[in-house]
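Report on one structure; see the data block that follows.
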Amino acid sequence: MKVAIVKYNAGNIYSVVNALNRLGVNPIITDDAETLLAADKVLFPGQGEAGTTMQYIREHHLDAIIKSLRQPVLGICVGQQLLCRHSEEGDTECIGIFPIDVKRFCPQRHEDKVPAMGWNDLHINPSTQGIFKGLGEHPYVYFVHSYYVPVCEWTIATADYILPYSAALRKDNFWATQFHPEKSGDVGERILKNFLDL
């Protein structure tokens with residue numbers, strides 16, 4: 001199986017590489033259009049700032065390439081946010097797979113810390129299989145983020161921090177998680193394996 005990771009101006013890609021290696025997969029990190037189009041699965045992970053990462057994506061025409069992908073694609077963390085229409089971070093126009101806007105967390109109480117950081121449980125839509133197959137309804141996963149995707153028609157799992165938000169999205173062949181499966185222990189490993197098995 002050919003697995004490609006989108007190379008762009010973002011951090012944390014190598015923890016995803018290591019997680020895939022543990023599953024027996026040796027992914028290619030690339031911004032080459034032909035390599036991405038030829039892959040069986042594509043991952044779009046990362047940590048970073050929306051404006052600078054989108055600048056790199058546009059300069060390398062990756063936005064058009066990602067939109068044209070027909071195989072299963074998994075966005076992770078900033079990858080999920082960049083697959084949306086717009087982000088409040090830097091007032092950034094994003095790729096637009098999911099026609100929804102990314103918002104910044106606004107603390108409501110003294111104990112509300114931003115970024116949201118740590119373990120939280122998912123509320124998975126019971127009708128959703130795919131990447132959540134075999135996990136039950138409330139597995140724990142690891143988050144680090146200051147921005148969130150509101151609950152919308154493409155939400156397949158939610159989490160609660162300050163307010164309910166989209167912990168995972170799906171539209172056609174595009175899947176996305178706000179949490180980090182590569183840092184979420186056995187649950188995250190199962191999610192990555194389920195993605196590879198799609």
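The values are calculated or read from the model by the stated rules, or taken from the named source; none is laboratory data. Keep in mind that this is a model prediction, so the values were computed, not measured. Neighbour counts are summed over all protein chains in view; Cβ atoms, including those assigned to glycine, are modelled from backbone coordinates with ideal geometry. Only protein heavy atoms, including side chains, enter the accessible area calculation; ligands, DNA and RNA are left aside. Shrake-Rupley method; radii C 1.70, N 1.55, O 1.52, S 1.80 Å.
Miscellaneous remarks
- Set L122, L198, L192: member being open to solvent by 70 Å² or more (accessible area, probe 1.4 Å) and in contact with a Pro (Cβ under 8 Å, 6 or more places away or on another chain): L198
- Residues that are modelled with pLDDT of 95 or more and part of a helix (DSSP H, G or I) occur in the stretch 127-134; there is at least one.
- Complete set of residues in the stretch 91-114 that are at pLDDT below 95 and either open to solvent by 40 Å² or more (accessible area, probe 1.4 Å) or within 17 Å of the chain's Cα centre (by Cα) (or both): C106, P107, Q108, R109, H110, E111, K113, V114
- Exactly one residue out of V187, V151 is open to solvent by 20 Å² or more (accessible area, probe 1.4 Å), assigned to a helix (DSSP H, G or I) and touching a strand residue (DSSP E or B) at 6+ places or on another chain (Cβ under 7 Å), and it is V187.
- So I66, is it touching a His at 6+ places or on another chain (Cβ under 9 Å) and modelled with pLDDT of 95 or more: no
- Pick from the stretch 67-86, criterion in contact with a strand residue (DSSP E or B) (Cβ under 7 Å, 6 or more places away or on another chain) and more than 24 Å from G188 (Cβ to Cβ), ranking: least open to solvent (accessible area, probe 1.4 Å): H86
- Check on Y165, open to solvent by 20 Å² or more (accessible area, probe 1.4 Å), aromatic (F, W, Y), within 22 Å of L82 (Cα to Cα) and part of a strand (DSSP E or B): no
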